[in-house]
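Trainee: Here it is: the structure, laid out below.
The values are calculated or read from the model by the stated rules, or taken from the named source; none is laboratory data. Keep in mind that this is a model prediction, so the values were computed, not measured. Positions of Cβ are generated from backbone atoms using ideal geometry, with glycine treated the same way; all protein chains shown enter the neighbour counts. Accessible surface is based on the protein model in full, side chains and every heavy atom, while ligands, DNA and RNA are left aside. Shrake-Rupley method; radii C 1.70, N 1.55, O 1.52, S 1.80 Å.
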Amino acid sequence: DAGVIQSPRHEVTEMGQEVTLRCKPISGHNSLFWYRQTMMRGLELLIYFNNNVPIDDSGMPEDRFSAKMPNASFSTLKIQPSEPRDSAVYFCASSWTRRREQYFGPGTRLTVT
Amino acid sequence: AQTVTQSQPEMSVQEAETVTLSCTYDTSESDYYLFWYKQPPSRQMILVIRQEAYKQQNATENRFSVNFQKAAKSFSLKISDSQLGDAAMYFCAYKGNEKLTFGTGTRLTIIP
């Protein structure tokens, strides 16, 4: 039983470059969440989708961040252009309703130099 | 807005002993869920245990159990027979109608 899959696991890029993070939720789950974790701010919800539709993107820090969910089994989080302050661990999580427990992927550690 | 407070930034316990991690929350909702997540050095967020607010019985998962006190808005995690693999950050989390809200975490160290 595969859990939430994220890729890449590590990403190192230079400031100004575009970064795309990918997520495959658990099959059958209809809610998907993107989080960012830093030492300073802890875990922050960036955006969540319900049935592939973005419901709340109030946590997206800037217009440089965008997220899509073209189908029930795939989502992307894009940062363009990236900045050093975007360095963090980005988690994707899914649940079968938005009220129930969320299962997290292994995270993507992003380093922007 | 809901808040989750973990007042113990760090805890340590001797291997095979029992430790309790504290969590309190603030809410005006009557229907909600509470969770404990574990984040080991691998950084994977692992669901440890969950509790539905409408259930009076405390949840248990093997060596992990909770003490859920709804009136006091308290949700502590007890780890029995602590093992080296239990060393991790533990996050308490609340889920009502809004987003999943996490506490700041408690770093648990297991002393061999």
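Trainee: Ignoring any ligand, DNA or RNA, what whole percent of the accessible area of chain B comes from carbon and sulfur when the probe is 1.4 angstrom?
Mentor: So the carbon and sulfur contribution to the accessible surface is 45 percent.
Trainee: Over the Cα atoms, compute the radius of gyration (one decimal) and Dmax (the largest Cα-Cα distance, rounded to a whole number) for the protein assembly as shown, in Å.
Mentor: For the protein assembly as shown, the Cα radius of gyration and maximum Cα-Cα distance read 17.8, 53 Å.
Trainee: Per the Kirkwood treatment, what hydrodynamic radius in Å, one decimal, follows for chain A from the mean inverse distance over all distinct Cα pairs?
Mentor: Every distinct Cα pair counted, the radius reaches 13.8 Å.
Trainee: Still on this structure, I have one more. Apply 1/(1 + (r/R0)^6) to the Cβ-Cβ distance of B:ASP26 and B:SER80, taking R0 = 35 Å, and write down the FRET efficiency to the nearest 0.05.
Mentor: The calculated FRET efficiency here is 0.80.
Trainee: Right, here's the next one. Give the relative contact order (percent, whole number) for chain B; include only Cα pairs under 8 Å separated by 6+ residues.
Mentor: The value is 38 percent.
Trainee: Would you look at the GNM of chain A, springs on alpha carbons closer than 10 Å, and say which of A:ILE47, A:ILE79, A:ILE55 moves the most?
Mentor: Evaluated over chain A, the most mobile residue of the options is A:ILE55.
Trainee: FRET efficiency for B:THR109 and A:VAL12, Cβ-Cβ distance as r, R0 = 22 Å, nearest 0.05?
Mentor: Result of the calculation: an efficiency of 0.15.
Trainee: If I take every Cα pair under 8 Å that is 6 or more residues apart in segment A:1-46, average their sequence separation and divide by the length, what percent do I get for the relative contact order?
Mentor: So the answer I get is 30 percent.
Trainee: Ranked from highest to lowest mean number of other Cβ atoms within 10 Å per residue, what is the order of the peptides B:99-110, A:9-20?
Mentor: Descending mean neighbour count gives B:99-110, A:9-20.
Trainee: Classify chain B as rounded, prolate or oblate, taking a ≥ b ≥ c as the square roots of the eigenvalues of its Cα gyration tensor: rounded when a/c is under 1.5, otherwise prolate if a/b is larger than b/c and oblate if not.
Mentor: Since a/c reaches 1.5 and a/b is larger than b/c, the shape of chain B is classed as prolate.
Trainee: I would also like to ask the following. Chains A and B: what accessible area do they bury, summed, in square angstrom to the nearest 100, with a 1.4 Å probe?
Mentor: 1700 Å²
Trainee: Rank B:TYR25, B:TYR54, B:TYR90 by mean-square fluctuation in a GNM of chain B with C-alpha springs under 10 angstrom and give only the top-ranked residue.
Mentor: Checking each option, the largest mean-square fluctuation is seen for B:TYR54.
Trainee: Do you know the relative contact order of segment A:7-113, to the nearest whole percent, from alpha carbon pairs under 8 angstrom that are 6+ apart?
Mentor: For segment A:7-113, the relative contact order is 37 percent.
Trainee: For the protein assembly as shown, with every protein chain kept in place, what is the accessible area per residue (1.4 Å probe, Å²)?
Mentor: 49 Å²
Trainee: By the scheme Lys and Arg +1, Asp and Glu -1, what is the net charge of all other residues having a beta-carbon under 12 Å from that of B:MET89?
Mentor: +1
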